[in-house]
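Comments concern the structure below.
The values are calculated or read from the model by the stated rules, or taken from the named source; none is laboratory data. Since the structure is predicted, the reported quantities are computational estimates derived from the model, not experimental observations. Here Cβ is always computed from backbone atoms with ideal geometry, including for glycine, and neighbour counts include all displayed protein chains. In case anyone asks, the SASA skips ligands and DNA or RNA and just uses the protein heavy atoms, side chains included. Shrake-Rupley method; radii C 1.70, N 1.55, O 1.52, S 1.80 Å.
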Amino acid sequence: MIKHLMLGIAALALSSGLASAQDLMFKPGDQPNRFDWQSYDQFAKDTDLSGQTLTLTGPWTGNDKKLFESVLAYFEAATGAKVNYSGSESFEQDIVIAAKAGTPPNIAVFPQPGLAADLAKQGYLTPMPKGTGAWIKDNYAAGQSWEDLSTYMGKDGQKQTYTFPFKADLKSLVWYVPENFKEAGYKVPETMEELQALTKKIVADGGTPWCIGLGSGAATGWPATDWVEDFMLRTQPPEVYDGWVKNTVKFNDPRVVDAIKDYGWFAKTKGYAQGGEQAVATTDFRDSPKGLFDFPPKCYMHKQASFIPTFFPDGTQVGKDVNFFYFPAYASKDLGKPVLGAGTLFGITKDSPAAEAFVKFLETPIASEIWMAQSGFLTPLKSVNPAAFANDVQRNMNKILLDATTFRFDGSDQMPGEIGTDAFWKNMVAYTTGDETAEQAADAIQKRWDSIEK
């Protein structure tokens, strides 16, 4: 869960009566070359919810809460409904309590598909409106991946689409300083083979290719899990990744062990990572990118998710002072362009006409474009206008998402807590420092998994 916290999920907040409390962020009809107002007008024409109330709860608080409210205001204005949204840092616990007590909101915003799947299996989620799954498959880049992410077993034992994915986060990124690359004559690699060759060349030139930091307090080790997950997607078909997350492909399966070793090639090979193995294991992930900005640079590349600019030096301009590229796939393997990420999924926890209408609203380009035009929003929806993005940085990140042939949700966040947010973290640290081999780390994690399933 720590990774979702860093991607914008934080403290407690409450709100209500959106449209009456704030004006619409962008006037309908303005900037027609940027916004799809036709989708808004058609939705408003088809939907009258006057006198109805829609309640939502989720993890978005602080600035994310305000941004989400700016989107909800358009739903209110289009339909005449009143919308109440509450955000909580303890959302995961709160929604379970409310569901079991029979007092859930109409809509819940899930940061983890596992929690949504659990509630669906227990009968606390209503299936999405008919045709939603097919719509996701047809309208999202790597649509089958997103439909699968939203499909769970219900209490009746039947699989159905139970959630609607909205707002994605991107993890498959490598950050670099363009000026440093230019001065050294390095080019952005387009394949994993080229990335490996560049890593070797930087060392041969007397530099250090990578800054890596696994430190994160009680959550130390989680950055290594992202590396392993990305390599699982780049070395194996997506169904192997899915089996690994569900433990039908065991953690000590040779294919998983090889992915751990692929991470180790970058983090543990002498001279490849700033400070060596011990520094990788102990450097706080928030401090680890600082070497990019030293003169001369202490490292040339840093792999981390889209949130990491928050921890760059003050005044750093992304797109100018620092930039990013897609963590590339192998040219030698026919696995397309897989992307690792996270995101939020909307589920109906108390059905109503307003709840089902809101799902239809999320299908409109304008629902995404309002948030895109502000900050911190990525979407796999192919019909949005890229011109709606607030800047080229967000636009270029979203292109990586739209170019994806496979999307997979962060694996450790789908595993049981004792594994994904404990054993996996700890044993990756032990592997990084040399206290365990890749095989020993994988065996230890699998032993722990076996123990909790007895």
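Please find, within the range 266-279, the residue that is most open to solvent (accessible area, probe 1.4 Å) out of those that are farther than 16 Å from residue 429 by Cβ and in contact (Cβ under 8 Å) with a residue 40 or more places away in the chain.
This residue is 274.
On the given criteria, is residue 119 within 30 Å of residue 297 (Cα to Cα), out of contact with any Phe, Trp or Tyr (no Cβ under 8 Å at 6 or more places or on another chain) and modelled with pLDDT of 95 or more?
Against the criterion (within 30 Å of residue 297 (Cα to Cα), out of contact with any Phe, Trp or Tyr (no Cβ under 8 Å at 6 or more places or on another chain) and modelled with pLDDT of 95 or more), residue 119 does not qualify.
Looking only at residues in the range 393-418 that are farther than 15 Å from residue 326 by Cα and in a helix (DSSP H, G or I), which one is nearest to the chain's Cα centre (by Cα)?
413
So, of the residues in the range 374-388 that are assigned to a helix (DSSP H, G or I) and open to solvent by 30 Å² or more (accessible area, probe 1.4 Å), which turns out to be nearest to residue 32 (Cα to Cα)?
The residue in question is 387.
Name the single residue, out of those in the range 280-294 being surrounded by 18 or more Cβ atoms within 10 Å (Cβ to Cβ) and in contact with a strand residue (DSSP E or B) (Cβ under 7 Å, 6 or more places away or on another chain), that is nearest to residue 428 (Cα to Cα).
280
Output the residues belonging to the range 119-141 that are aliphatic (A, V, I, L, M), closer than 21 Å to residue 168 by Cα and open to solvent by less than 20 Å² (accessible area, probe 1.4 Å).
Selection gives 128, 136, 141.
Being of a type in the set (D, E, K, R) and more than 14 Å from residue 89 (Cβ to Cβ) is the filter; apply it to the range 53-70 and report the residue that is least open to solvent (accessible area, probe 1.4 Å).
69
Identify, from the list 371, 449, the residue that is at negative phi, buried (at least 17 other Cβ atoms within 10 Å of the Cβ) and out of contact with any Asp or Glu (no Cβ under 9 Å at 6 or more places or on another chain).
Testing whether each residue is at negative phi, buried (at least 17 other Cβ atoms within 10 Å of the Cβ) and out of contact with any Asp or Glu (no Cβ under 9 Å at 6 or more places or on another chain) leaves just 371.
Please go through the range 201-213 and pick out each residue that is over 24 Å from residue 285 (Cβ atoms) and either surrounded by 14 or more Cβ atoms within 10 Å (Cβ to Cβ) or among the aliphatic types (A, V, I, L, M) (or both).
Of everything in the range 201-213, those that are over 24 Å from residue 285 (Cβ atoms) and either surrounded by 14 or more Cβ atoms within 10 Å (Cβ to Cβ) or among the aliphatic types (A, V, I, L, M) (or both) turn out to be 201, 204.
If you scan the range 409-423, which residues turn out to be within 21 Å of residue 110 (Cβ to Cβ) and in contact (Cβ under 8 Å) with a residue 24 or more places away in the chain?
Those that are within 21 Å of residue 110 (Cβ to Cβ) and in contact (Cβ under 8 Å) with a residue 24 or more places away in the chain: 409, 410, 411, 412, 413, 414, 415, 416, 418, 419, 420, 421.
Looking at the range 72-110, which of the residues that are part of a loop (DSSP other than H, G, I, E, B) and either touching a residue at least 60 places away in the same chain (Cβ under 8 Å) or among the hydrophobic types (A, V, I, L, M, F, W, C) (or both) is most open to solvent (accessible area, probe 1.4 Å)? Working first, answer last.
To start, the set of residues in the range 72-110 that are part of a loop (DSSP other than H, G, I, E, B) comprises 80-81, 88-90, 102-106.
Adding the requirement that they be either touching a residue at least 60 places away in the same chain (Cβ under 8 Å) or among the hydrophobic types (A, V, I, L, M, F, W, C) (or both) leaves 81, 88-90, 104-106.
Working: 81: 7, 88: 12, 89: 123, 90: 39, 104: 22, 105: 19, 106: 13 Å².
Ranking the qualifying residues of the range 72-110, first place goes to 89.
Residues in the range 250-266 that are part of a loop (DSSP other than H, G, I, E, B) and under 23 Å from the mean Cα position of the chain (by Cα): how many?
To start, the set of residues in the range 250-266 that are part of a loop (DSSP other than H, G, I, E, B) comprises 250-253.
So of that shortlist, the ones also under 23 Å from the mean Cα position of the chain (by Cα) come out as 251.
Of the residues in the range 250-266, 1 are part of a loop (DSSP other than H, G, I, E, B) and under 23 Å from the mean Cα position of the chain (by Cα).
Exactly one condition in (1) buried (at least 17 other Cβ atoms within 10 Å of the Cβ); (2) out of contact with any Phe, Trp or Tyr (no Cβ under 9 Å at 6 or more places or on another chain) is false for residue 216; which is it?
(2)
Is it the case, given these coordinates, that residue 433 is surrounded by fewer than 18 Cβ atoms within 10 Å (Cβ to Cβ), modelled with pLDDT of 95 or more, among the hydroxyl-bearing types (Ser, Thr, Tyr) and within 30 Å of residue 34 (Cβ to Cβ)?
When the stated conditions are applied, residue 433 does not pass them.
Between residues in the range 229-243 that are outside any helix (DSSP H, G or I) and residues that are open to solvent by 30 Å² or more (accessible area, probe 1.4 Å) and at pLDDT 95 or above, which pairs lie under 8 Å by C-beta distance while being six or more apart or on different chains?
Within 8 Å, the pairs are 236/255; 236/335; 237/335.
This table checks each residue for (1) modelled with pLDDT of 95 or more; (2) over 27 Å from the mean Cα position of the chain (by Cα); (3) over 26 Å from residue 387 (Cα atoms).
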site	(1), (2), (3)
11	no, no, yes
28	yes, yes, no
56	yes, no, yes
59	no, no, yes
78	yes, yes, no
108	yes, no, yes
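Looking at the range 398-412, which of the residues that are in contact with a helix residue (DSSP H, G or I) (Cβ under 6 Å, 6 or more places away or on another chain) and open to solvent by 10 Å² or more (accessible area, probe 1.4 Å) is nearest to residue 216 (Cα to Cα)?
Per the criteria, the residue is 408.
Scanning the range 295-323 for residues that are of a type in the set (Phe, Trp, Tyr) and open to solvent by 20 Å² or more (accessible area, probe 1.4 Å), which turns out modelled with the highest pLDDT?
300
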